[in-house]
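The next block holds one structure in the form of structure tokens; read it before the comments.
Just so it is clear, none of the values below were taken in a lab; they were calculated from the coordinates. The structure displayed is predicted, hence computed values, not measured ones. All Cβ positions, glycine included, derive from the backbone under ideal geometry; neighbour counts span all protein chains shown.
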Amino acid sequence: MRFHIEAHYCQLLRSEHKDTYCQLYMSPKVMRKIAQPLTLSQAETAFTNALRQNEQTPWRKRVWVISNDTGNDAGIQMLIRHSNAPTVAEIGIMLYPFANGRRIAGKALGGLVDYGFTHLGLERINALFDCTHLATQRLVEGIGFTVFPAHKDHAGRHCLEATITQSEHLAIRQQARS
């Protein structure tokens, strides 16, 4: 499960990506609008779980590493399938700070949306993010997601939810080709 996005590619998380995964989840800067940073022990446990989940069939969660053509990692992204709706998934992305503002997030997330609809049988993809994370809002709107008004998530944080359906995505792709 590997796909290319211009000068980058996305591949499923593997054991050699442990440092990238743990560094992102332990970084206060990366995690500031997501959740509390993890400790090293928590990050290592989450990494081991992510590796295991990447190999499960049917899949519930898939994590990809975003790397450039020279093999330097820029971040990770994931799809988490809803347990009661197998054609619906939540999408997320985490980038190293150096990768922000370089259009990597838009290309990677757009590539993953396309991959989810064309290869994983998804019919809808959702994104849930902190309502003060304006860059993420611009990012998902630029890909074609519809953003809904703020609400409180399960942890009591004010969040925005965005969604895109397979038919909306296909219409956007068709329009881009013409």
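With +1 on each Lys and Arg Cβ and -1 on each Asp and Glu Cβ, and nothing else charged, work out how big the dipole of the chain is about its Cα centre, in Debye to the nearest 20.
My answer is approximately 100 debye.
Once each part is reduced to its C-alpha centroid, what is the distance from segment 43-121 to segment 151-178 in angstrom?
16 Å
How much length is gained on full extension from residue 60 to residue 119, taking 0.36 nm per residue of separation minus their Cα-Cα distance?
19.8 nm
Using the Kirkwood formula over every pair of different C-alpha atoms, what hydrodynamic radius in Å results for segment 1-88?
Value: 13.8 Å, from the Cα pair sum.
What list do you get for 147, 140 if you sort them by fewest beta carbons within 10 Å?
Going from sparsest to densest Cβ surroundings: 147, 140.
Provide the per-residue ³J(HN,Hα) series for segment 85-91, in order, calculated from phi with Karplus coefficients 6.51, -1.76, 1.60 and θ = phi - 60°, each as a whole number of Hz, with x at glycine and proline positions.
Once rounded to whole Hz, the list reads 8, x, 9, 10, 9, 9, 10.
Taking the chain as a Gaussian network, Cα atoms linked when under 10 Å apart, which of 155, 89, 35 shows the biggest mean-square fluctuation?
Most flexible of the set in this elastic network: 155.
Out of residues 5 or more away from residue 66 or on other chains, whose amide H comes under 5 Å of its own, with H placed 1.01 Å from N in the peptide plane?
Here the answer is 74, 75, 76, 77, since their amide H atoms fall under 5 Å of that of residue 66.
Taking the Cβ of each residue in 33, 152 as the centre, tally the other Cβ atoms inside 10 Å and list the residues starting with the fewest.
So the ranking, lowest neighbour count to highest, is 152, 33.
Give me the base-10 log of I(q)/I(0) for the chain at each q in 0.08, 0.15, 0.19 Å⁻¹, Debye formula, one uniform scatterer per Cα, rounded to two decimals.
Each listed q maps to, in turn, -0.23, -0.88, -1.51.
For the chain, what is the mean residue ellipticity at 222 nm derived from helices alone (per DSSP H run of n ≥ 4: -39500 (n - 2.57); sum divided by total residues; nearest 500 deg cm²/dmol)?
Rounded to the nearest 500, the figure is -11000 deg cm²/dmol.
First measure r as the distance between the Cβ atoms of residue 36 and residue 175, then evaluate 1/(1 + (r/R0)^6) with R0 = 41 Å and state the FRET efficiency to the nearest 0.05.
Step by step, r from the Cβ atoms, then E = 0.50.
Taking θ = phi - 60°, what integer Hz values does the Karplus form 6.51 cos²θ - 1.76 cosθ + 1.60 yield along segment 67-82, in sequence order, with x for Gly and Pro?
After applying 6.51 cos²θ - 1.76 cosθ + 1.60, I find 10, 8, 5, 8, x, 7, 7, 9, x, 9, 9, 8, 10, 10, 6, 6 Hz.
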